[in-house]
Structure formats: C-alpha cells, structure tokens
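Read through the structure below, which is laid out as structure tokens, and then see the notes.
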Amino acid sequence: MPSSVDLIYVFAGINDWGRTEKDNETPPNQDGMEPSKYIMDNHFGDIYVEDINTFCGAVRYTFRRLKEKYPRIPIIAILPLHTYPITAYPLWSEIRYATQNDESTVITPRRTTLDNKTFYDYRNAIRDIAELYGIYSIDTFKIGYSAVLSTDKSAYYAEGLHPNALGYKLLGQFIYKQTIDIFINRA
C-alpha cells in the first residue's frame, strides 16, 4: 500500500471461514510468508493471541501492522455479507444468522469449521479484534439484502457469494453512508 492514504478499508473473512483444507497451490504473499502459515488450515484461535497460524491471530497481526504503519489514518473493518442460499448450507460450514439482541431464526446445519466455529463467530472475531485496536467496523448484515432469501439472492448476488452489479452498487452506497456516519455524524 502507498504510504500516503486517507482511509483504509479491510473487507475479508468469508473465505477464511469457508475454507476447511490447506491450499498448497496458493503462492506466498508479499511478506514472503506461505499463506498456509496464516489461516489456510482454518484454526480459529483466540482474539487475544497474535498467532498467525490462526484466523484470529492473523486478523490481529493485520490490524496491528496497519495501525503501526498508518498510526494517524482511520481504518474500517467491513464485516462479511450474508452469503449463500439455504439450500447450499449443507455444502458449506454452518451459518447462524441471528443478531445478538433479537430473536431472528438461527439456522444450524450439521457442518462447521475445523474448530467448530460458525460464520457468526468469524464475524464477531473481526469486530472484536477491530475494537481492541481502535478500528471502526461496518456491519454489512444491515445492508438491507441477504442471500438467505432467494428473491434477494437473484436480485443482488451473482451466485450467492459475490454481489452482482446492483448488489455492489448498494454495498458501495451502504459503506459510504456508514463511513460518513462514523466520521461526520459522530464527530
């Protein structure tokens, strides 16, 4: 990343949660570290331990390095979107769609990650680690669409994971509005 930036967004996590096996064909990253030494075998870890062999540790490492390199630049963690229709759940790890303070339906198929963690556990970890480092977060579950509904999936998603053109447009508008709220309306 260039040394002169005004704002940093970190939008990641869905592939980390969804991956359950090592990917030995992925090339090393820019630091020369093999990705499998980060999170490819999908160990969840602990939000308070910076162990790059775990998901939580790799998130801590990333956030710490960004804060050290850009101490005066605001950073925003964007939590992963709802993904995949209900019929695909048995093929992926468990997804629990529920907010902490309401009585939304909890969907719990049989499979979970290697460490028995849900999609919601991964989202919470990103948010909690961001808070530890004073990093803002944006919750995309509040965007107004979800792949859980087949009507939303066909309207806003290309295949249930990535948004289509309209989905990306709404995602961009949502992130923009949330960013304005963080920096203007809360000031």
message: Tally up the residues in segment 137-168 that are surrounded by fewer than 16 Cβ atoms within 10 Å (Cβ to Cβ), not in a loop (DSSP other than H, G, I, E, B) and not charged (D, E, K, R), please.
response: 7
- prompt: Can you name every residue in segment 169-181 that is under 15 Å from Leu7 (Cα atoms) and surrounded by 16 or more Cβ atoms within 10 Å (Cβ to Cβ)?
  reply: Ile175, Gln178, Thr179
query: Considering Ser93, Ser104, which residue is modelled with pLDDT under 85, within 30 Å of Glu50 (Cβ to Cβ) and of a type outside the set (D, E, K, R)?
result: Ser93
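The values are calculated or read from the model by the stated rules, or taken from the named source; none is laboratory data. Just so it is clear, the structure is predicted and the values come from calculations on it, not from any experiment. Note that each Cβ is placed from the backbone with ideal geometry, even for glycine, and that neighbours are counted across all protein chains shown.
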